[in-house]
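Read through the structure below, which is laid out as C-alpha cells, and then see the notes.
Computed from the coordinates by the stated procedures, all read-outs in this text should not be read as laboratory data. Note that this is a predicted model, so its numbers are computed, not measured. Note that we place each Cβ from the backbone using ideal geometry, even for glycine, and neighbour counts take in every protein chain shown.
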Amino acid sequence: MQIRVRNYHLDGYGHVNNARYLEFLEEARWAFFDTQGWLPLLDNICLAVVRADLRYRRPAFAGDDLRVHIEVKELSSRYLVLRQNIELAAQGKNAVEADITLMPIDAASGKAVRLPESLFNLLNTLNA
C-alpha cells in the first residue's frame, strides 16, 4: 500500500506525527486483508491490537510517498504478529518498523477466541 504524506499528517516539528503512523499501519492491515479476500473469514471476529512495538528510523515530510510492507512474523491459533515496515519510497529506507500483535475477539461476547481455521491456514502459508 502506498500513502502520500499530507500537511495534516505533520506535527509541530514538521514531520509525520508518531500517532499518524499507527493510522497508516491500521489502514495497511485492512487493505492487506481486503486485497487477499480474507475479510469475509473474519465474520463476527475482531482482530484487536494487543501490542504495538514501533521503532522510528527516519522522519517523513509532506509530499513524501510511503510504502507499507506486511509479513506474518509469528502465528498461533490465539494471536498473530504482523511485521509492518513503512518505507520512504524515494529512498528505499524504512521510516518505521513495527511488530503488531493481534488477538481474535468474538464480536458478540468480547472474549478471546481462536483464529478461524481457514484464516489460520492461509496466514500460515505466509508465515516468515
- Item | Ranked VAL81, VAL49, VAL68, criterion: other C-beta atoms within 10 Å, fewest first | VAL49, VAL81, VAL68
- Item | the range 14-78 and the range 83-112: distance between their alpha carbon centers, rounded to Å | 4
- Query: Which residues in the range 28-66 have a backbone N closer than 16 Å to a point placed 7 Å from the Cα of TYR8 along the Cα-to-Cβ line?
  - Reply: 62-63
- Item | Given charges at beta-carbon only (K, R positive; D, E negative), |dipole| of the range 2-124 in Debye | 280
- Message: Let me check the size of the chain from its C-alpha atoms; what are the radius of gyration and Dmax in Å?
- Response: 15.5, 46
- Would you calculate, for the chain, the mean residue ellipticity at 222 nm contributed by helices, counting each DSSP H stretch of 4 or more residues as -39,500 (n - 2.57) and dividing by all residues, to the nearest 500? -6500 deg cm²/dmol
- Query: For the chain, what's the relative contact order in percent, using C-alpha pairs closer than 8 Å and at least 6 residues apart?
  - Reply: 28
- Query: Exposure proxy check: LYS93, LYS111, LYS73 ranked by fewest other beta carbons within 10 Å?
  - Reply: LYS111, LYS93, LYS73
- Task: Measure nothing but the geometry: give the 0 to 90° angle between the long axis through the Cα atoms of 18-36 and the longest principal axis through the Cα atoms of the chain, rounded to 10°.
- Result: 50
